[in-house]
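One structure is given below, encoded as structure tokens.
The values are calculated or read from the model by the stated rules, or taken from the named source; none is laboratory data. Fair warning: this is a prediction, and the values are worked out from it, not measured in the lab. Note that each Cβ is placed from the backbone with ideal geometry, even for glycine, and that neighbours are counted across all protein chains shown.
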Amino acid sequence: MRWVTCQHGHGLQVGLVVDDAVHVLDDDRTLIDVISAGQVEMERIAETVRRSPATVVPLESMVLHSPIPQPPSVRDTVGFLDHVRGCRRAYGRDPELGEVWSRVPAFYFANPATLFGARDDVAIAPGSRWFDFELEVAAVIGTPGSDLDPVAAQDAIAGYMLFCDWTARDLQQADMALGIGQGKGKDSGMTFGPWLVTADEVANRLVDGRLDLEVAVEVNGVEIARGTTGAMDWTFGEIVSFVSRGTRLVPGDVIGSGTIPGGCLLEHLVGDPETYDGWLKPGDTVSLDSRALGRTHQRIVDGARPHPLSSGY
């Protein structure tokens, strides 16, 4: 099943993608309501909306929002250690990682307040000159739980979607210098979509607990990177298990895979980042693609001018 949240009438509605059309539900349930009902009920809802939709709209003309427009939380994991090594190498640092990186899947809390749909324009973060994308896959929790073992954690995942993590690298450098984690470098938005693909649709790509989905990214029609979630240092089951320690995950929580190695401009940096001409500029287009999860296509536009602080920054 491929579920969307779409613009219909004066509000948002849930829809099921059937072939090249969206069958819209005839009630006000959110996608969190649908996925939290469980697999059997989801299938019943899907069958009902196939037979008796409120309306059917061609997929290409439908306005798609983030499948989960208001996630209870978003956590982004460092699931690919080669991405970290590549970023360190790009900045001229030693790519070797300390043992702690292999002990647990590191993650940070991201901002769920600014989410883009798969076709929305994306504004450059205010004040940024080094604007970047990051190619990821996100898992969405469907079953609540705490202190889950990896098998139960895998079973708690309702589905997956493409995830573009927009990053202002220059602002991120300032964040990291403060030593308290991600801040404005990651605050200007994330893209999820175009739809949520339910876990049963990709069950055949789950081998020994490891999900193997191929993904790719293009800038202005030129492929920048291609990779697979099968290369993650941690399985999604392990990641969700670790995240659930001592806390409660709820339906709609989003957990990112981390960036596919090579799946950002920083890893392709040549020379001084101040003079690197590869950073995203207004008019550029970025597309994420996966045979299993769909395709995003977004245009980069100018961002707002930042209001200066008393420090001048």
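One residue stands out in the range 188-221 among those that are over 13 Å from the mean Cα position of the chain (by Cα) and among the small types (Gly, Ala, Ser): the one that is surrounded by the fewest Cβ atoms within 10 Å (Cβ to Cβ), namely GLY221. Against the condition outside any strand (DSSP E or B) and loosely packed, with under 12 Cβ neighbours inside 10 Å, how does GLY312 come out, does it pass? So GLY312 passes the test. Determine, yes or no, whether ARG305 is assigned to a loop (DSSP other than H, G, I, E, B), over 28 Å from ALA123 (Cα atoms) and over 19 Å from the mean Cα position of the chain (by Cα). Against the criterion (assigned to a loop (DSSP other than H, G, I, E, B), over 28 Å from ALA123 (Cα atoms) and over 19 Å from the mean Cα position of the chain (by Cα)), ARG305 does not qualify. Cβ separations smaller than 6 Å between residues 6+ apart or across chains give the following pairs from the range 90-107 residues that are under 17 Å from LEU266 (Cα atoms) to residues that are of a type in the set (D, E, K, R) and outside any loop (DSSP other than H, G, I, E, B): ALA90/GLU267; PRO95/ARG85; PRO95/ARG88; PRO95/ARG89.
Within the range 91-130, restricting attention to residues that are under 23 Å from the mean Cα position of the chain (by Cα) and over 25 Å from GLY303 (Cα atoms), the residue that is surrounded by the most Cβ atoms within 10 Å (Cβ to Cβ) is PRO105. Do you know which of the residues in the range 222-255 that are out of contact with any helix residue (DSSP H, G or I) (no Cβ under 9 Å at 6 or more places or on another chain) and under 22 Å from GLY145 (Cβ atoms) is surrounded by the fewest Cβ atoms within 10 Å (Cβ to Cβ)? Filtering first and then ranking leaves GLY246.
For residues that are assigned to a strand (DSSP E or B) and among the small types (Gly, Ala, Ser), scanning just the range 4-60, find the one that is modelled with the lowest pLDDT.
The first filter runs over the range 4-60 and keeps only residues assigned to a strand (DSSP E or B), leaving 4-8, 11-18, 21-24, 55-58.
If we keep only those that are among the small types (Gly, Ala, Ser) as well, we get 11, 15, 21.
Details: GLY11: 90, GLY15: 97, ALA21: 97.
Per the criteria, the residue is GLY11.
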